[in-house]
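Reading through the structure tokens given below for one structure.
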Amino acid sequence: MSATTAAPAPIPAKAPRVETPLQRFISEFAESNIALGALIVFLCIVLIAVFAPWIAPQNPYDLAQLDIMDGRMEPGTVGGAGFTYWLGTDDQGRDMLSGIMYGLRISLVVGAGSAIVAAIVGASLGMLAAYAGGRTDTIIMRLVDLQLSFPTILSALMILAFLGKGITNVVIALIVVEWAYYARTVRGTALVERRREYIEAAQCLALPTRRIIFRHLLPNCMPPLIVVATIQIARAIALEATLSFLGLGVPITEPSLGLLIANGYEYMLSGKYWISFYPGIALLITIVSINLVGDHLRDVLNPRLKK
Amino acid sequence: MSVYLLRRLIQAALVMLAMSVIVFIGVYAIGDPVEILISPDADQMERARAIAALGLDKPLWQQYLSFLGNALRGDLGRSFVFNEPALKLIGQRAPATLELAFAAMFLAILVGLPLGLYAGLRPDGVGAKAIMAGSILGFSLPTFWVGLMLIMVFAVQLGWLPSTGRGETVEILGLRWSFLTMDGLAHMAMPALNLALFKISLVIRLTRAGVRETMLMDFVKFARAKGLSPRRVIGVHVFKNILIPVVTVTGLELGSTIAFSVVTESVFAWPGMGKLIIDSINVLDRPVIVAYLMSIVLMFIIINLVVDLLYSVLDPRVRLESK
Amino acid sequence: MRKLVLAATAAVAAIVAGQVQAQSLTMAVGAPITSLDPHYHQLSPNNAVADMTFDRLVNTDGKSQQIPGLATEWRAIAPTTWEFKLRPDVRFHNGNAFTAEDVAFTIARLPNVPNSPTSFGIYSRPIARVEIVDPLTIRFHTHQPYPLLPLDMTNVRILDKETHENATTEDFNAVRAAVGTGPFRVVSHRNGDRIEFARNDAYWGPKPAFQRVNYRMITNDASRTAALLAGDVDFIDQVPTTDLANLRRDSRIALSEVVGTRLIFLGLDHLRAANENSPFVTDNDGRPLGRNPLKDVRVRRALSMAIDRGTVTERLMEGAATPAGQFLPPGVTGHVQGIEAPAYDPEGAKRLLAEAGYPNGFRIQLNGPNDRYINDGRIIQAVGQMWTRIGVRTAVEGQTWAVFVGRAGKAEFSSHLIGWGSNPDGSHPLRNILATVNAERGWGASNRGRYSNPEVDRLLLASLTELDEPKRQGLVGDALRTALEDVAVIPIHIQTNIWAMRRGLAHDARIDEATRAQDVRPAQP
């Protein structure tokens, strides 16, 4: 472990030239082998998810392609359709490998989609609250309190009851549930930052408010935002799994990783481990790789950690 | 200060009012509790009687106004299912959830803070890497899955701990607590760990991030340059600074731990409020849902207030605005 | 020497432990008990617990056959009069004697339990007047000839007039009013968690095997099984089908099972006329069909024939269900001779569809709950697979019960899965599911497909006032046969009720799903 991190950063062979911020960012990011590895793993996962319809042996969401007679087959069994179920099948005769590939799509869409939108909404509101202060601040923060005091599960149940089950609806529910975390975090940091000298200096220079917020305040609020976003993506994916566990998430005919785990969970005690074990592993790898990347991103992006 | 407090309380009342309206409409939109509660033997006449008995025959706004009137007198209605005052039901279940949540938060800080401190001080060490990897696992694993794994390993395979339920209780102040008996603690160990896992990871990460940032700050460099012992630098100067985010998040998370212990409680058959609320949602027991949410909102508002007050004590740069 | 002492100590310890175990029983049930008031909420788990504390005039055995309870005999002495002879020398837990006064009081209380979401008043409604002949004889005068009165009495737990005159539901829940004549006394009650019982040593009937019973509620299926495997509880109900195969192999565990009375079936849209659109039926391109194919009996029969019930029960239910063509299993009063589970015949189904004018099928959505019945979400997916195979492309939507049941009640679906836990009399499903919706008569309250057949209604009406039991059964049977041959609903299977316990215990399985401590005893060595 220590050897990998101690490995010297690639030294530019040629004479130093002026680096663009992006290049600097990339070279800094590449300093950590673990993060780089995680990024590669994550990109592979994204590729699998994107190309699932072409590479999966079966469309697990098409009832016509499933055969209940192939249900709960052990990994490596050849099924009625003539191909091998390398990771076994679930109770409906759904090929777990295909199920995981398709499930990755849903988990990623749900996790990333909800986190990105929630981050944008939450961070904007949090920033606005901190910068504008006064009544705006009060209203936004009371809204945050209102949201945070609403148990996730109940918000989700109500929203999904209004809208019905479905991937989009789960994403909407997660956004509604999560934006407040970002708003609160960003406001907290921004409150501290805006009293710092550099902001006062910028204000003295009569820079436009928008410029102060986006060029000065926002970058300095990024590190905690990234920490929260990292946690929230992981959390969104896990939350979706939990909603499915409680019977509220995605439709039962289009299982996400979470729903696959939840389905297999009932078989855990009976030794049919593969139904929930492999989706669990896939979920774990996904979340861990996202987190490793996010973790390192935070170190790289943090202006105060710069040498 | 008192003006500030008063304003916060008025805001709190408004939030609770808004909440009750939303819940009323929300539950109304989900479904009809009578459809769920009614027995298969019931005919239409019996159905009409049940609807009237539960006060569901009146228009929604009328139901809401009568609820509001009673609420102002401290009566949040009776459970459709249990025919007991909703607040009493919640009060009966609250100790179980509270002790579980506090145990989880206690575990989180007990384990998370030292680990995070260590990882932050030696960020490149093997130990730190292992801790961080562990923390990533901690919030990657879905709670229900970890819960079942714990039961499988510690109760079924090894037989060390009881699988589910709450242990022996002792009555203090009219409420039943289980953390004072050995049996109670044994029952609490797994659910508390299950609930704490995510919080431990969170505390580790926050502490580590805080330590790493603080260590690079000028005042720390200055303190070191002055020749203060590392123990004093870390114990006083660094520690005080990293406490801010840790306190905020721990405070906020306490509320969410209590509110969201639903899954842990249902996996471990822990008879707390979380289980009550999920059961109540399943049968659309509106009085309990409303009363539960009001209590949770109140609790959150208090926690937020305390966190904000602590904030201003810990970090003088943040001022409570009282105009 | 030391070894010997150790062995001896161990042996003594084992004997002592064995005795302690024989005296107390820890049970875990999957459904929460919402109240100890036996007249508050008509809910099977509540009724099961009520049966441990209270008695009924007419008890039921494991097969739901009527047996004497607090009444030793009963008969109709006139078309509108039932007479019950009461059991002498019965005492309540607090020592009060049981008399006809108590029965009269109980009947009067039934409709007057405040806030009851499902009142027991439906069982007192047919009774016009109660007449106490002597302390051990009581007569019920009904508005009309009413053959089902003894059946109704199997749902009514008898209270003590003196104790319960002013008792509220809260008093029952707080244990102080939970006083009956039953085999167990309630010792303590923690809402939603556990109820502790002690044996009533003065019980008039067979003495229960256990002195103390700890009745716990563990709603999560996996946790309940885990608790049994870990030895924390001795006995569980609602064994998840996913764990069955393993538990059968486990030498530490014994199972007890019986085919129950809960039918899982599909309801179909009979509400929209033949020339109207059914909400979730379209042609193969997703456009409105312009007619409701489900009004054609050939289509309904085809959909029924397309279902491979054997595969559903063997693969999905792991054997914990029996394919069914009607509401009640053989051996129960309401079972109709000669109606078998429809045979699996996909080719015949396709032919029928073609005959009905749908050679290429159509599209439909099948709705169902996914948290109510055993494997409900899995069953609708399997049915979806099977329907798709005969050309009826099926989308499947599973919802939480809270959302599903409201929509189903408004007949919003084209096809839906639902269950019916019947009492042993065929008139029960007939009146509630197959009869034309009629609020005045109280018919069709659970007829969520809005099936309507005048012939069925006529037979039912005739049966309701028929006091001659064989004749009444004939009418009910004919009505059921008529509706099922018309494929009013598509029966799938009847669930098997399964309990699991540590080896060394024995249990008398009940078809009514009730989990009661008096049915458990140490196994004979």
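Starting from residues that are among the aromatic types (Phe, Trp, Tyr) and outside any strand (DSSP E or B), keep the ones in region C:38-80 and report whichever is farthest from C:Glu513 (Cα to Cα). Outline the logic, then answer.
Kept after step one, since they are among the aromatic types (Phe, Trp, Tyr), are these residues of region C:38-80: C:40, C:54, C:74.
Adding the requirement that they be outside any strand (DSSP E or B) leaves C:40, C:54.
Values: C:Tyr40: 20, C:Phe54: 18 Å.
Step by step, filter region C:38-80, then rank; the result is C:Tyr40.
The lone criterion from (1) of a type in the set (Gly, Ala, Ser); (2) in contact with a Leu (Cβ under 9 Å, 6 or more places away or on another chain); (3) free of Cβ contacts under 8 Å to residues at least 12 places away in the same chain; (4) farther than 26 Å from C:Gly426 by Cβ left unmet by C:Gly121 is number (4).
I'd like to check something: does region C:451-472 contain any residue that is within 19 Å of the chain's Cα centre (by Cα) and among the charged types (D, E, K, R)?
Pass one, region C:451-472, residues within 19 Å of the chain's Cα centre (by Cα): none.
Within region C:451-472, not a single residue is within 19 Å of the chain's Cα centre (by Cα) and among the charged types (D, E, K, R).
Counting only residues that are assigned to a helix (DSSP H, G or I), away from chain A (no Cβ under 14 Å), among the charged types (D, E, K, R) and over 17 Å from B:Tyr118 (Cβ atoms), region B:215-241 holds 3 of them.
So for region C:479-502 (the condition being in contact with a Lys or Arg (Cβ under 8 Å, 6 or more places away or on another chain) and over 30 Å from C:Trp387 (Cβ atoms)), does at least one residue qualify? Yes; the residues of region C:479-502 include at least one that is in contact with a Lys or Arg (Cβ under 8 Å, 6 or more places away or on another chain) and over 30 Å from C:Trp387 (Cβ atoms). Residues of region B:1-37 that are at pLDDT 80 or above and touching a Ser or Thr at 6+ places or on another chain (Cβ under 7 Å): B:Leu37 alone. Regarding A:Ala201, is this residue more than 10 Å from every other protein chain (Cβ to nearest Cβ) and touching a residue at least 12 places away in the same chain (Cβ under 8 Å)? Answer is no for this residue. Going through C:Gln381, C:Gln399 one at a time, which residue ends up being surrounded by 23 or more Cβ atoms within 10 Å (Cβ to Cβ) and within 13 Å of chain B (Cβ to nearest Cβ)? After ruling out the rest, the residue left standing is C:Gln399. Among residues that are modelled with pLDDT of 95 or more and of a type in the set (S, T, N, Q), C:Ser256 is included.
Quick test for you: out of A:Ala173, A:Ala161, pick the one residue that is under 30 Å from B:Asp32 (Cα atoms), at pLDDT 75 or above, in a helix (DSSP H, G or I) and of a type in the set (Gly, Ala, Ser). Explain how you work it out, then say what you get.
Details: A:Ala161 fails: at pLDDT 75 or above.
The unique qualifying residue is A:Ala173.
For region C:412-433, the set of residues classified as in a strand (DSSP E or B) and of a type in the set (Ser, Thr, Tyr) consists of C:Ser415 only. Once region B:141-175 is narrowed to residues that are among the small types (Gly, Ala, Ser) and crowded, with 19+ Cβ neighbours inside 10 Å, the residue that is farthest from the other protein chains (Cβ to nearest Cβ) is B:Gly147. Going through (1) assigned to a loop (DSSP other than H, G, I, E, B); (2) touching an Asp or Glu at 6+ places or on another chain (Cβ under 9 Å); (3) acidic (Asp, Glu) one by one, C:Asp102 falls short only on (1).
Report whether or not B:Ile51 is within 26 Å of C:Ala402 (Cβ to Cβ) and in contact (Cβ under 8 Å) with a residue 40 or more places away in the chain. Before you say what the answer is, go through the steps one by one.
On the way: within 26 Å of C:Ala402 (Cβ to Cβ): yes; in contact (Cβ under 8 Å) with a residue 40 or more places away in the chain: no.
Criteria not met by B:Ile51.
Give the residues of region A:175-221 that are surrounded by fewer than 19 Cβ atoms within 10 Å (Cβ to Cβ) and either touching a strand residue (DSSP E or B) at 6+ places or on another chain (Cβ under 8 Å) or under 22 Å from A:Val293 (Cβ atoms) (or both), sorted by residue number. Answer for region A:175-221, where residues must be surrounded by fewer than 19 Cβ atoms within 10 Å (Cβ to Cβ) and either touching a strand residue (DSSP E or B) at 6+ places or on another chain (Cβ under 8 Å) or under 22 Å from A:Val293 (Cβ atoms) (or both): A:Leu218, A:Pro219. The set of residues in region C:21-76 that are surrounded by fewer than 18 Cβ atoms within 10 Å (Cβ to Cβ) and within 14 Å of chain B (Cβ to nearest Cβ) comprises C:Ala31, C:Ser44. For region C:249-272, the set of residues classified as among the charged types (D, E, K, R) and away from chain B (no Cβ under 13 Å) consists of C:Arg249, C:Glu257, C:Asp269, C:Arg272, listed by residue number. Is region C:497-518 home to any residue that is basic (Lys, Arg), assigned by the TED database to the domain that holds C:Thr241 and either part of a helix (DSSP H, G or I) or under 24 Å from the mean Cα position of the chain (by Cα) (or both)? Checked region C:497-518: at least one residue is basic (Lys, Arg), assigned by the TED database to the domain that holds C:Thr241 and either part of a helix (DSSP H, G or I) or under 24 Å from the mean Cα position of the chain (by Cα) (or both).
Restricting attention to region C:234-248, the residues that are at the interface with another protein chain (Cβ under 9 Å from one of its Cβ atoms) and either farther than 18 Å from C:Ile379 by Cα or free of Cβ contacts under 8 Å to residues at least 12 places away in the same chain (or both) total 3. Look at region B:13-31 and say how many of its residues are more than 14 Å from chain C (Cβ to nearest Cβ), in contact with a helix residue (DSSP H, G or I) (Cβ under 7 Å, 6 or more places away or on another chain) and closer than 18 Å to C:Gly406 by Cβ. Residues meeting the conditions: 2.
Residues in region C:258-277 that are more than 30 Å from C:Val332 (Cβ to Cβ) and under 31 Å from the mean Cα position of the chain (by Cα): C:Leu271, C:Arg272. B:Arg166 - would you say it is part of a strand (DSSP E or B) and in contact (Cβ under 8 Å) with a residue 40 or more places away in the chain? Answer is no for this residue. Residues that are assigned to a loop (DSSP other than H, G, I, E, B), at pLDDT below 75 and either more than 14 Å from every other protein chain (Cβ to nearest Cβ) or at positive phi (or both): does region A:59-74 have at least one? Looking through region A:59-74, none of the residues is assigned to a loop (DSSP other than H, G, I, E, B), at pLDDT below 75 and either more than 14 Å from every other protein chain (Cβ to nearest Cβ) or at positive phi (or both). Under the condition of being buried (at least 24 other Cβ atoms within 10 Å of the Cβ) and at the interface with chain B (Cβ under 9 Å from one of its Cβ atoms), the residues counted in region C:406-428 number 1. Considering region B:32-60, and only residues there that are assigned to a loop (DSSP other than H, G, I, E, B) and aliphatic (A, V, I, L, M), the residue that is farthest from the other protein chains (Cβ to nearest Cβ) turns out to be B:Leu56. Close contacts from region B:177-203, counting a first residue that is part of a loop (DSSP other than H, G, I, E, B) and a second that is hydroxyl-bearing (Ser, Thr, Tyr) and crowded, with 22+ Cβ neighbours inside 10 Å, with Cβ to Cβ under 8 Å and a gap of 6+ residues or different chains, come to none at all.
Of all residues being surrounded by 19 or more Cβ atoms within 10 Å (Cβ to Cβ) and basic (Lys, Arg) in region B:258-317, which is modelled with the lowest pLDDT? Just the residue, please. If we take residues in region B:258-317 being surrounded by 19 or more Cβ atoms within 10 Å (Cβ to Cβ) and basic (Lys, Arg), then B:Lys275 is modelled with the lowest pLDDT. In region B:294-303, the condition of being part of a helix (DSSP H, G or I), in contact with a Gly (Cβ under 7 Å, 6 or more places away or on another chain), of a type in the set (Val, Ile, Thr) and facing another protein chain (nearest Cβ under 7 Å) is met by no residue.
The values are calculated or read from the model by the stated rules, or taken from the named source; none is laboratory data. All of these numbers come straight from a predicted model, not from anything done at the bench. Every residue, glycine as well, gets a Cβ built from its backbone with ideal geometry; the counts of neighbours run over all protein chains shown.
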